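Asker: Before I ask anything, here is the structure I am working with.
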Amino acid sequence: MDRIRIKGGVALNGTIPISGAKNAALPLMAASLLTGEALTLSNLPHLVDISTMVQLLAELGVEVSMNGMTGGGHTGRVLTLTAGEPETATAPYDLVRKMRASVLVMGPLLARWGEARVSLPGGCAIGTRPIDLHLDAFKALGAEIELEEGYVYAKAPKGLKGAKILFPFVSVGATENAMMAACLADGETIIANAAREPEITDLANCLVAMGAEIDGIGTGTLAIRGKKALHAAHHTVIADRIETGTYAVAAAITGGDVTLANTQFELFGAVGDILLKTGATVEKTDAGVRIRRDTGPVKGADVMTEPYPGFPTDMQAQIMALLAVSNGASMITETIFENRFMHVPELCRMGADINVHGASAIVRGVKKLSGAQTMATDLRASVSLVLAGLAAKGDTIVNRVYHLDRGYERVEEKLAACGARVERLQD
Ligand code: EPZ
(Lines give C-alpha, C1' and ligand atoms only; values in the text may rest on other atoms or scores of the structure.)
Protein backbone atom coordinates (compact mmCIF):
# COMPACT_ATOMS: atom_id res chain seq x y z
CA MET A 1 0.00 0.00 0.00
CA ASP A 2 1.60 3.31 -1.09
CA ARG A 3 2.78 5.80 1.48
CA ILE A 4 4.05 9.37 1.12
CA ARG A 5 7.06 10.73 3.02
CA ILE A 6 7.48 14.48 3.51
CA LYS A 7 10.59 16.20 4.94
CA GLY A 8 9.15 19.46 6.24
CA GLY A 9 10.56 22.96 6.46
CA VAL A 10 10.83 24.09 2.83
CA ALA A 11 9.00 27.27 1.72
CA LEU A 12 7.26 26.39 -1.57
CA ASN A 13 8.12 28.51 -4.57
CA GLY A 14 6.99 28.05 -8.16
CA THR A 15 3.87 27.15 -10.15
CA ILE A 16 1.31 24.40 -9.61
CA PRO A 17 -1.07 23.47 -12.49
CA ILE A 18 -4.62 22.91 -11.22
CA SER A 19 -6.56 20.00 -12.74
CA GLY A 20 -10.21 19.74 -13.73
CA ALA A 21 -12.68 19.44 -10.84
CA LYS A 22 -13.39 15.87 -9.67
CA ASN A 23 -16.78 16.93 -8.27
CA ALA A 24 -17.76 18.47 -11.60
CA ALA A 25 -16.37 15.63 -13.74
CA LEU A 26 -18.31 12.85 -11.98
CA PRO A 27 -21.85 14.24 -12.56
CA LEU A 28 -20.83 15.38 -16.07
CA MET A 29 -19.82 11.80 -16.93
CA ALA A 30 -23.13 10.50 -15.55
CA ALA A 31 -24.95 13.01 -17.80
CA SER A 32 -23.69 11.05 -20.84
CA LEU A 33 -26.44 8.51 -20.04
CA LEU A 34 -29.07 11.11 -20.98
CA THR A 35 -28.42 10.83 -24.73
CA GLY A 36 -27.47 8.23 -27.32
CA GLU A 37 -25.14 10.76 -28.96
CA ALA A 38 -21.51 11.47 -28.06
CA LEU A 39 -20.68 13.66 -25.06
CA THR A 40 -17.03 14.79 -25.16
CA LEU A 41 -15.52 16.06 -21.90
CA SER A 42 -12.16 17.89 -21.82
CA ASN A 43 -9.84 18.74 -18.91
CA LEU A 44 -10.80 15.62 -16.94
CA PRO A 45 -8.38 14.94 -14.06
CA HIS A 46 -6.40 11.69 -13.89
CA LEU A 47 -7.98 10.32 -10.71
CA VAL A 48 -9.03 6.93 -9.37
CA ASP A 49 -12.63 8.13 -9.00
CA ILE A 50 -12.76 9.07 -12.69
CA SER A 51 -11.55 5.59 -13.66
CA THR A 52 -14.18 4.05 -11.36
CA MET A 53 -16.90 6.10 -13.05
CA VAL A 54 -15.60 5.00 -16.50
CA GLN A 55 -15.86 1.37 -15.31
CA LEU A 56 -19.41 1.88 -14.03
CA LEU A 57 -20.58 3.64 -17.20
CA ALA A 58 -19.05 0.91 -19.37
CA GLU A 59 -21.09 -1.64 -17.39
CA LEU A 60 -24.16 0.50 -18.14
CA GLY A 61 -23.56 0.32 -21.89
CA VAL A 62 -21.59 3.53 -22.39
CA GLU A 63 -18.80 3.34 -24.97
CA VAL A 64 -15.87 5.35 -23.60
CA SER A 65 -12.97 6.49 -25.77
CA MET A 66 -10.01 8.45 -24.50
CA ASN A 67 -8.75 11.14 -26.89
CA GLY A 68 -5.38 11.77 -25.22
CA MET A 69 -4.52 15.11 -23.75
CA THR A 70 -6.21 18.49 -23.82
CA GLY A 71 -4.16 21.34 -25.30
CA GLY A 72 -2.87 24.30 -23.32
CA GLY A 73 0.06 22.61 -21.64
CA HIS A 74 -1.82 20.86 -18.86
CA THR A 75 -2.60 17.23 -18.80
CA GLY A 76 -6.41 17.20 -18.72
CA ARG A 77 -7.77 14.01 -20.25
CA VAL A 78 -10.39 14.08 -23.02
CA LEU A 79 -13.08 11.39 -22.95
CA THR A 80 -15.91 10.78 -25.41
CA LEU A 81 -18.86 8.93 -23.90
CA THR A 82 -21.64 7.42 -26.05
CA ALA A 83 -24.47 5.71 -24.19
CA GLY A 84 -26.07 2.82 -26.07
CA GLU A 85 -29.00 0.76 -24.78
CA PRO A 86 -27.72 -0.67 -21.47
CA GLU A 87 -27.84 -4.42 -20.97
CA THR A 88 -28.45 -3.59 -17.34
CA ALA A 89 -29.62 -0.49 -15.44
CA THR A 90 -27.86 -1.68 -12.28
CA ALA A 91 -24.99 0.06 -10.51
CA PRO A 92 -23.43 -2.84 -8.56
CA TYR A 93 -22.47 -2.83 -4.87
CA ASP A 94 -18.73 -3.31 -5.44
CA LEU A 95 -18.51 -0.12 -7.52
CA VAL A 96 -20.93 2.00 -5.46
CA ARG A 97 -19.08 0.96 -2.27
CA LYS A 98 -15.86 2.29 -3.80
CA MET A 99 -17.36 5.55 -4.91
CA ARG A 100 -20.58 7.05 -3.55
CA ALA A 101 -20.90 9.38 -6.53
CA SER A 102 -22.06 6.27 -8.46
CA VAL A 103 -25.52 7.20 -7.17
CA LEU A 104 -25.46 10.03 -9.74
CA VAL A 105 -26.30 7.55 -12.51
CA MET A 106 -29.79 7.06 -11.02
CA GLY A 107 -31.38 10.25 -12.35
CA PRO A 108 -30.14 9.83 -15.93
CA LEU A 109 -31.00 6.08 -16.10
CA LEU A 110 -34.48 6.71 -14.70
CA ALA A 111 -35.11 9.62 -17.08
CA ARG A 112 -33.86 7.86 -20.23
CA TRP A 113 -34.83 4.20 -19.66
CA GLY A 114 -37.54 4.43 -17.00
CA GLU A 115 -35.65 2.38 -14.45
CA ALA A 116 -32.51 2.40 -12.29
CA ARG A 117 -31.20 -0.08 -9.74
CA VAL A 118 -28.35 1.20 -7.59
CA SER A 119 -26.77 -0.35 -4.54
CA LEU A 120 -27.42 1.78 -1.47
CA PRO A 121 -24.06 3.53 -1.03
CA GLY A 122 -23.87 2.97 2.72
CA GLY A 123 -22.01 5.34 5.00
CA CYS A 124 -18.41 6.41 4.75
CA ALA A 125 -15.75 7.79 7.07
CA ILE A 126 -17.27 11.28 7.21
CA GLY A 127 -20.88 10.33 7.86
CA THR A 128 -23.94 8.15 7.17
CA ARG A 129 -24.57 10.07 3.93
CA PRO A 130 -28.13 8.92 3.18
CA ILE A 131 -29.73 9.49 -0.24
CA ASP A 132 -33.30 10.15 0.95
CA LEU A 133 -33.40 13.58 -0.74
CA HIS A 134 -32.45 11.99 -4.07
CA LEU A 135 -35.25 9.42 -3.72
CA ASP A 136 -37.81 12.04 -2.62
CA ALA A 137 -36.99 14.04 -5.76
CA PHE A 138 -37.50 10.99 -7.99
CA LYS A 139 -40.84 10.26 -6.25
CA ALA A 140 -41.92 13.87 -6.86
CA LEU A 141 -41.18 13.29 -10.57
CA GLY A 142 -43.50 10.24 -10.53
CA ALA A 143 -41.07 7.37 -9.94
CA GLU A 144 -41.88 4.36 -7.75
CA ILE A 145 -39.09 3.48 -5.31
CA GLU A 146 -38.43 0.05 -3.73
CA LEU A 147 -35.63 -1.03 -1.41
CA GLU A 148 -34.57 -4.66 -1.68
CA GLU A 149 -31.42 -6.59 -0.71
CA GLY A 150 -29.40 -3.41 -0.20
CA TYR A 151 -30.40 -2.00 -3.56
CA VAL A 152 -32.71 0.89 -4.33
CA TYR A 153 -34.89 0.24 -7.38
CA ALA A 154 -36.56 3.20 -9.08
CA LYS A 155 -38.97 2.82 -11.96
CA ALA A 156 -41.12 5.10 -14.08
CA PRO A 157 -42.50 2.95 -16.93
CA LYS A 158 -44.60 5.81 -18.25
CA GLY A 159 -41.72 8.31 -17.99
CA LEU A 160 -41.16 11.13 -15.49
CA LYS A 161 -43.51 14.11 -15.08
CA GLY A 162 -42.29 17.64 -14.29
CA ALA A 163 -42.93 18.65 -10.65
CA LYS A 164 -42.08 21.17 -7.93
CA ILE A 165 -39.22 19.86 -5.75
CA LEU A 166 -38.39 21.70 -2.53
CA PHE A 167 -35.28 20.38 -0.76
CA PRO A 168 -35.53 20.75 3.08
CA PHE A 169 -31.79 21.52 3.09
CA VAL A 170 -29.11 21.94 0.45
CA SER A 171 -27.73 18.75 -1.11
CA VAL A 172 -25.20 18.86 -3.97
CA GLY A 173 -25.80 15.30 -5.19
CA ALA A 174 -29.59 15.43 -4.84
CA THR A 175 -29.66 18.69 -6.82
CA GLU A 176 -27.55 17.10 -9.57
CA ASN A 177 -29.66 13.92 -9.74
CA ALA A 178 -32.94 15.89 -9.79
CA MET A 179 -31.68 18.31 -12.44
CA MET A 180 -30.55 15.50 -14.77
CA ALA A 181 -33.79 13.54 -14.32
CA ALA A 182 -35.90 16.67 -14.97
CA CYS A 183 -34.17 17.28 -18.34
CA LEU A 184 -36.18 14.42 -19.94
CA ALA A 185 -39.34 14.69 -17.81
CA ASP A 186 -42.64 15.64 -19.44
CA GLY A 187 -43.32 19.31 -18.50
CA GLU A 188 -41.63 21.81 -16.23
CA THR A 189 -39.75 21.06 -13.00
CA ILE A 190 -38.92 23.67 -10.37
CA ILE A 191 -36.11 22.79 -7.96
CA ALA A 192 -36.21 25.08 -4.91
CA ASN A 193 -33.41 25.30 -2.29
CA ALA A 194 -31.05 23.87 -4.94
CA ALA A 195 -27.32 23.72 -4.24
CA ARG A 196 -25.38 26.52 -5.95
CA GLU A 197 -21.85 25.09 -6.01
CA PRO A 198 -19.83 25.96 -9.17
CA GLU A 199 -19.91 22.24 -10.05
CA ILE A 200 -23.74 22.45 -10.25
CA THR A 201 -23.46 25.46 -12.57
CA ASP A 202 -20.91 23.56 -14.69
CA LEU A 203 -23.29 20.58 -15.00
CA ALA A 204 -26.22 22.86 -15.88
CA ASN A 205 -24.15 24.58 -18.58
CA CYS A 206 -23.21 21.21 -20.06
CA LEU A 207 -26.86 20.03 -20.02
CA VAL A 208 -27.88 23.23 -21.83
CA ALA A 209 -25.16 22.52 -24.43
CA MET A 210 -26.79 19.09 -24.83
CA GLY A 211 -30.14 20.78 -25.58
CA ALA A 212 -31.70 21.03 -22.11
CA GLU A 213 -33.74 24.09 -21.15
CA ILE A 214 -32.69 25.36 -17.69
CA ASP A 215 -33.35 28.78 -16.12
CA GLY A 216 -31.95 30.14 -12.84
CA ILE A 217 -28.50 28.59 -13.31
CA GLY A 218 -26.26 29.67 -10.39
CA THR A 219 -29.24 30.48 -8.15
CA GLY A 220 -31.09 28.43 -5.52
CA THR A 221 -34.15 27.98 -7.78
CA LEU A 222 -33.85 26.06 -11.05
CA ALA A 223 -36.62 25.85 -13.68
CA ILE A 224 -36.20 22.96 -16.13
CA ARG A 225 -38.48 22.34 -19.12
CA GLY A 226 -38.13 18.67 -20.08
CA LYS A 227 -37.18 17.61 -23.63
CA LYS A 228 -37.90 14.46 -25.62
CA ALA A 229 -34.15 13.89 -26.12
CA LEU A 230 -30.77 15.55 -25.62
CA HIS A 231 -27.95 15.58 -28.17
CA ALA A 232 -24.17 15.51 -28.54
CA ALA A 233 -22.02 18.22 -26.96
CA HIS A 234 -18.41 19.06 -26.09
CA HIS A 235 -17.79 20.49 -22.60
CA THR A 236 -14.63 21.52 -20.74
CA VAL A 237 -14.64 20.71 -17.02
CA ILE A 238 -14.10 23.69 -14.71
CA ALA A 239 -10.93 23.94 -12.59
CA ASP A 240 -10.98 22.21 -9.22
CA ARG A 241 -11.62 24.91 -6.59
CA ILE A 242 -10.81 22.49 -3.74
CA GLU A 243 -7.46 21.52 -5.27
CA THR A 244 -6.88 25.27 -5.79
CA GLY A 245 -7.58 25.96 -2.10
CA THR A 246 -5.49 22.99 -1.00
CA TYR A 247 -2.33 24.15 -2.78
CA ALA A 248 -2.99 27.74 -1.64
CA VAL A 249 -2.79 26.41 1.93
CA ALA A 250 0.46 24.59 1.00
CA ALA A 251 1.95 27.96 0.00
CA ALA A 252 0.64 29.70 3.13
CA ILE A 253 1.63 26.99 5.64
CA THR A 254 5.23 26.87 4.35
CA GLY A 255 5.63 30.66 4.07
CA GLY A 256 6.09 30.39 0.32
CA ASP A 257 5.14 32.12 -2.91
CA VAL A 258 3.19 29.94 -5.38
CA THR A 259 1.26 30.63 -8.58
CA LEU A 260 -1.73 28.33 -9.20
CA ALA A 261 -2.20 27.94 -12.98
CA ASN A 262 -5.28 26.93 -15.05
CA THR A 263 -7.65 28.07 -12.30
CA GLN A 264 -9.80 31.13 -11.79
CA PHE A 265 -9.53 33.74 -9.02
CA GLU A 266 -13.35 33.76 -8.87
CA LEU A 267 -13.32 30.12 -7.69
CA PHE A 268 -11.54 31.19 -4.50
CA GLY A 269 -14.57 32.75 -2.79
CA ALA A 270 -14.80 32.21 0.95
CA VAL A 271 -11.49 30.29 1.02
CA GLY A 272 -9.69 33.40 -0.28
CA ASP A 273 -11.34 35.52 2.42
CA ILE A 274 -10.10 33.22 5.18
CA LEU A 275 -6.59 32.99 3.69
CA LEU A 276 -6.41 36.80 3.72
CA LYS A 277 -7.50 36.79 7.39
CA THR A 278 -4.66 34.39 8.24
CA GLY A 279 -2.14 36.84 6.75
CA ALA A 280 -1.62 35.37 3.27
CA THR A 281 -1.90 37.51 0.15
CA VAL A 282 -4.05 36.27 -2.75
CA GLU A 283 -3.74 38.05 -6.08
CA LYS A 284 -4.99 37.50 -9.61
CA THR A 285 -2.16 37.36 -12.19
CA ASP A 286 -2.06 36.62 -15.94
CA ALA A 287 -0.83 33.10 -15.12
CA GLY A 288 -3.62 32.39 -12.60
CA VAL A 289 -3.70 33.08 -8.84
CA ARG A 290 -0.60 33.94 -6.77
CA ILE A 291 -0.53 33.03 -3.07
CA ARG A 292 2.17 34.40 -0.76
CA ARG A 293 2.87 34.32 2.94
CA ASP A 294 6.47 35.25 2.88
CA THR A 295 6.23 37.92 5.55
CA GLY A 296 4.62 37.73 9.01
CA PRO A 297 3.06 34.86 10.98
CA VAL A 298 -0.06 32.81 10.27
CA LYS A 299 -2.90 34.48 12.18
CA GLY A 300 -5.86 32.68 13.77
CA ALA A 301 -9.31 32.89 12.11
CA ASP A 302 -12.76 31.46 12.84
CA VAL A 303 -14.27 29.23 10.15
CA MET A 304 -17.74 27.75 9.69
CA THR A 305 -18.43 25.37 6.80
CA GLU A 306 -21.61 26.13 4.83
CA PRO A 307 -23.13 25.34 1.43
CA TYR A 308 -21.78 27.54 -1.40
CA PRO A 309 -21.00 30.41 -1.39
CA GLY A 310 -19.99 29.74 2.24
CA PHE A 311 -16.69 28.15 3.27
CA PRO A 312 -16.60 24.64 1.66
CA THR A 313 -16.59 21.61 3.95
CA ASP A 314 -14.07 20.02 1.56
CA MET A 315 -11.53 22.64 2.67
CA GLN A 316 -12.11 22.27 6.43
CA ALA A 317 -9.34 19.75 7.11
CA GLN A 318 -6.85 21.72 5.05
CA ILE A 319 -7.50 25.09 6.72
CA MET A 320 -7.26 23.37 10.11
CA ALA A 321 -3.68 22.30 9.30
CA LEU A 322 -2.82 25.95 8.57
CA LEU A 323 -4.54 27.29 11.70
CA ALA A 324 -2.72 24.65 13.78
CA VAL A 325 0.50 26.65 13.29
CA SER A 326 -1.03 30.12 13.75
CA ASN A 327 -0.04 32.62 16.46
CA GLY A 328 -3.58 32.64 17.87
CA ALA A 329 -6.70 30.58 18.55
CA SER A 330 -9.36 29.61 15.99
CA MET A 331 -12.82 28.03 16.14
CA ILE A 332 -13.73 25.69 13.27
CA THR A 333 -17.39 24.60 13.03
CA GLU A 334 -18.39 21.78 10.65
CA THR A 335 -22.08 22.15 9.76
CA ILE A 336 -22.34 19.81 6.74
CA PHE A 337 -21.13 16.37 7.86
CA GLU A 338 -21.53 14.78 11.27
CA ASN A 339 -18.10 13.18 11.52
CA ARG A 340 -15.53 15.18 9.62
CA PHE A 341 -12.86 15.66 12.28
CA MET A 342 -10.91 12.40 11.78
CA HIS A 343 -7.81 14.41 10.89
CA VAL A 344 -7.78 15.96 14.41
CA PRO A 345 -6.21 13.03 16.31
CA GLU A 346 -3.61 12.64 13.56
CA LEU A 347 -2.73 16.36 13.63
CA CYS A 348 -2.51 16.18 17.44
CA ARG A 349 0.02 13.34 17.10
CA MET A 350 2.11 15.90 15.16
CA GLY A 351 1.92 18.29 18.12
CA ALA A 352 -1.18 20.31 17.21
CA ASP A 353 -3.34 21.62 20.10
CA ILE A 354 -6.93 20.95 18.99
CA ASN A 355 -10.02 20.14 21.07
CA VAL A 356 -13.25 18.95 19.49
CA HIS A 357 -16.57 19.86 21.15
CA GLY A 358 -19.41 18.39 19.08
CA ALA A 359 -19.47 20.16 15.71
CA SER A 360 -16.75 22.64 16.70
CA ALA A 361 -12.99 22.34 17.11
CA ILE A 362 -10.90 24.84 19.10
CA VAL A 363 -7.48 25.14 17.47
CA ARG A 364 -4.74 26.79 19.55
CA GLY A 365 -1.78 27.52 17.28
CA VAL A 366 1.63 26.06 18.12
CA LYS A 367 5.01 27.31 16.93
CA LYS A 368 6.01 24.14 15.15
CA LEU A 369 4.52 20.74 14.39
CA SER A 370 6.75 17.66 14.49
CA GLY A 371 6.83 15.02 11.81
CA ALA A 372 5.22 11.64 12.62
CA GLN A 373 3.82 8.41 11.18
CA THR A 374 0.18 9.27 10.35
CA MET A 375 -2.86 7.45 9.01
CA ALA A 376 -5.13 8.83 6.30
CA THR A 377 -8.84 8.18 6.85
CA ASP A 378 -10.58 10.05 4.05
CA LEU A 379 -9.67 12.14 1.04
CA ARG A 380 -9.45 15.59 2.61
CA ALA A 381 -8.13 14.42 5.98
CA SER A 382 -5.22 12.74 4.18
CA VAL A 383 -4.22 15.86 2.29
CA SER A 384 -4.34 17.92 5.51
CA LEU A 385 -1.67 15.57 6.93
CA VAL A 386 0.49 16.22 3.86
CA LEU A 387 0.07 19.98 4.37
CA ALA A 388 0.99 19.67 8.06
CA GLY A 389 4.02 17.56 7.08
CA LEU A 390 5.23 20.30 4.71
CA ALA A 391 5.52 22.70 7.68
CA ALA A 392 6.56 20.18 10.35
CA LYS A 393 10.06 19.60 11.69
CA GLY A 394 11.41 16.27 10.50
CA ASP A 395 9.79 13.47 8.49
CA THR A 396 6.07 12.78 8.17
CA ILE A 397 4.78 9.55 6.65
CA VAL A 398 1.17 9.47 5.46
CA ASN A 399 -0.09 5.88 5.23
CA ARG A 400 -3.11 4.63 3.19
CA VAL A 401 -2.44 7.20 0.53
CA TYR A 402 -5.03 5.57 -1.78
CA HIS A 403 -7.46 8.00 -0.15
CA LEU A 404 -5.36 10.83 -1.57
CA ASP A 405 -5.24 9.38 -5.09
CA ARG A 406 -9.03 9.48 -5.30
CA GLY A 407 -9.05 13.27 -5.36
CA TYR A 408 -5.55 14.63 -6.00
CA GLU A 409 -3.66 14.08 -9.24
CA ARG A 410 0.11 13.50 -8.84
CA VAL A 411 0.21 15.36 -5.51
CA GLU A 412 3.87 14.53 -4.80
CA GLU A 413 4.96 15.71 -8.27
CA LYS A 414 3.07 18.98 -8.04
CA LEU A 415 4.53 19.76 -4.60
CA ALA A 416 8.08 18.60 -5.46
CA ALA A 417 8.05 20.93 -8.49
CA CYS A 418 7.83 23.81 -5.98
CA GLY A 419 10.74 22.56 -3.87
CA ALA A 420 8.93 20.32 -1.40
CA ARG A 421 10.91 17.26 -0.24
CA VAL A 422 8.13 14.73 -0.82
CA GLU A 423 8.25 11.22 -2.25
CA ARG A 424 5.95 8.25 -2.70
CA LEU A 425 7.13 5.02 -1.05
CA GLN A 426 5.88 1.93 -2.86
CA ASP A 427 5.59 -1.11 -0.57
C1 EPZ B 1 -20.82 16.36 -2.56
O2 EPZ B 1 -21.21 15.23 -1.81
C3 EPZ B 1 -19.33 16.22 -2.78
N4 EPZ B 1 -19.06 14.99 -3.55
C5 EPZ B 1 -18.61 16.15 -1.44
O6 EPZ B 1 -17.21 16.09 -1.70
C7 EPZ B 1 -18.91 17.44 -0.66
O8 EPZ B 1 -18.31 17.38 0.60
C9 EPZ B 1 -20.43 17.61 -0.51
O10 EPZ B 1 -21.07 17.58 -1.82
C11 EPZ B 1 -20.81 18.93 0.17
O12 EPZ B 1 -20.32 20.00 -0.58
C13 EPZ B 1 -19.23 15.02 -4.90
O14 EPZ B 1 -19.63 16.03 -5.47
C15 EPZ B 1 -18.90 13.75 -5.65
P16 EPZ B 1 -24.53 16.61 -0.03
P17 EPZ B 1 -22.79 14.93 -1.56
O18 EPZ B 1 -25.62 15.80 -0.62
O19 EPZ B 1 -23.56 15.31 -2.77
C20 EPZ B 1 -26.83 15.08 3.81
C21 EPZ B 1 -15.01 15.30 -1.48
O22 EPZ B 1 -14.22 15.31 -0.52
N23 EPZ B 1 -27.72 14.38 2.86
O24 EPZ B 1 -24.43 18.07 -0.37
O25 EPZ B 1 -22.92 13.54 -1.05
C26 EPZ B 1 -25.41 14.53 3.78
O27 EPZ B 1 -25.30 13.40 4.62
C28 EPZ B 1 -16.47 14.94 -1.25
O29 EPZ B 1 -14.71 15.59 -2.66
C30 EPZ B 1 -28.86 13.75 3.35
O31 EPZ B 1 -29.13 13.74 4.55
O32 EPZ B 1 -23.11 15.94 -0.39
C33 EPZ B 1 -24.61 15.70 4.28
O34 EPZ B 1 -24.66 15.73 5.69
C35 EPZ B 1 -16.75 14.55 0.20
N36 EPZ B 1 -29.69 13.12 2.47
C37 EPZ B 1 -25.36 16.91 3.72
O38 EPZ B 1 -26.67 16.44 3.40
C39 EPZ B 1 -29.43 13.12 1.12
O40 EPZ B 1 -30.24 12.56 0.35
C41 EPZ B 1 -24.76 17.48 2.44
O42 EPZ B 1 -24.55 16.41 1.55
C43 EPZ B 1 -28.28 13.78 0.65
C44 EPZ B 1 -27.43 14.41 1.53
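The values are calculated or read from the model by the stated rules, or taken from the named source; none is laboratory data. Since this is a predicted model, take the numbers as computed values, not measurements. Ideal geometry is used to build each Cβ from the backbone, glycine not excepted, and the neighbour counts take in all protein chains shown. When the accessible area is computed, the model is the full protein with side chains, heavy atoms only, and any ligands, DNA or RNA have been set aside. Shrake-Rupley method; radii C 1.70, N 1.55, O 1.52, S 1.80 Å.
Asker: In whole percent, how big is the carbon plus sulfur part of the accessible area of segment 10-166, probe 1.4 Å, protein atoms only?
Answerer: 53
Asker: Give the relative contact order (percent, whole number) for the chain; include only Cα pairs under 8 Å separated by 6+ residues.
Answerer: Relative contact order comes out at 21 percent.
Asker: Looking at the P(r) of the chain, how many percent of alpha-carbon pairs lie beyond 39 Å?
Answerer: Distances greater than 39 Å cover 19 percent of the Cα pairs.
Asker: When the chain is fully extended, how far beyond the present Cα-Cα distance does residue 66 get from residue 46, taking 0.36 nm per residue of separation?
Answerer: 6.0 nm
Asker: Okay, next question. How much accessible area per residue does the chain have, in Å², with a 1.4 Å probe?
Answerer: On a per-residue basis, the chain sits at 37 Å².
Asker: With the Cα gyration tensor of segment 140-273 giving a ≥ b ≥ c as the square roots of its eigenvalues, does the rule (a/c under 1.5 for rounded; else a/b larger than b/c for prolate; else oblate) give rounded, prolate or oblate?
Answerer: Prolate, since a/c reaches 1.5 and a/b exceeds b/c.
Asker: Which translational diffusion coefficient, to the nearest whole µm²/s, is obtained for segment 1-103 from the Stokes-Einstein equation, given a Kirkwood hydrodynamic radius over C-alpha pairs, 4 °C and 1.567 mPa s?
Answerer: Rounded, D is 85 µm²/s.
Asker: Just want to confirm a number: the relative contact order over segment 40-132, from Cα pairs under 8 angstrom separated by 6+ residues, in percent.
Answerer: About 24 percent, as a whole number.
Asker: Let me spell out the model: positive unit charges on the Cβ of Lys and Arg, negative unit charges on the Cβ of Asp and Glu, origin at the Cα centre of the chain. What dipole size does that give, in debye rounded to 20?
Answerer: In debye, rounded to 20, the chain gives about 1060.
Asker: Could I ask something else about it? What order do you get for 104-110, 274-280 when each peptide is scored by the mean count of other beta carbon atoms within 10 Å, highest first?
Answerer: The densest-packed peptide leads the list: 104-110, 274-280.
Asker: So, one more: With the calculation restricted to Cα positions, what are the radius of gyration and Dmax of segment 212-256 in angstrom?
Answerer: Cα radius of gyration and Dmax of segment 212-256 are 18.3, 55 Å respectively.
Asker: Which shape class applies to segment 219-340: rounded if a/c is under 1.5, otherwise prolate when a/b exceeds b/c and oblate if not, where a ≥ b ≥ c are the square roots of the Cα gyration tensor eigenvalues?
Answerer: Judged from the Cα gyration tensor, segment 219-340 comes out oblate (a/c at least 1.5, b/c at or above a/b).
Asker: Can you compute the FRET efficiency between residue 373 and residue 219 using 1/(1 + (r/R0)^6), with r the Cβ-Cβ distance and R0 = 41 Å? Round to the nearest 0.05.
Answerer: The value I calculate is 0.30.
Asker: Calculated FRET efficiency, residue 161 and residue 277, Cβ-Cβ r, R0 56 Å, to nearest 0.05?
Answerer: 0.70
Asker: Give me the distance in nm between label points sitting 7 Å out from Cα along the Cα-to-Cβ direction at residue 88 and residue 349, one decimal.
Answerer: 3.9
Asker: Calculate how many DSSP beta bridges within the chain are antiparallel, expressed in % of all such bridges and rounded to the nearest 5.
Answerer: That works out to approximately 75 percent antiparallel.
Asker: Of 27, 184, 262, which is farthest towards the positive pole of the chain's charge dipole, taken about the Cα centre with +1 and -1 on the beta-carbons of Lys, Arg and Asp, Glu respectively?
Answerer: Farthest along the dipole direction, towards plus: 262.
Asker: Can you give the extra length, in nm with one decimal, that the chain gains between residue 302 and residue 421 once fully stretched, where that is 0.36 nm per residue apart less the Cα-Cα distance?
Answerer: Stretched fully, the residue 302-residue 421 segment lengthens by 39.8 nm.
Asker: Please state the Cα pair-distance histogram of segment 380-427 with 5 angstrom bins from zero: what percent is in each bin?
Answerer: 5, 20, 34, 30, 10, 1
Asker: At 0.36 nm per residue, minus the direct Cα-Cα distance, what do residue 128 and residue 264 gain on full extension? Give it in nm, one decimal, please.
Answerer: 45.7 nm
Asker: Straight-line reach from residue 228: which lysines have Cα under 19 Å away, leaving out those fewer than 8 places along the same chain?
Answerer: Correct list for residue 228: 155, 158, 161.
Asker: Based solely on its DSSP helices, what 222 nm [θ] is calculated for the chain when runs of n ≥ 4 H residues each add -39,500 (n - 2.57) and the sum is averaged over all residues, nearest 500 deg cm²/dmol?
Answerer: So the calculated ellipticity at 222 nm is -8500 deg cm²/dmol.
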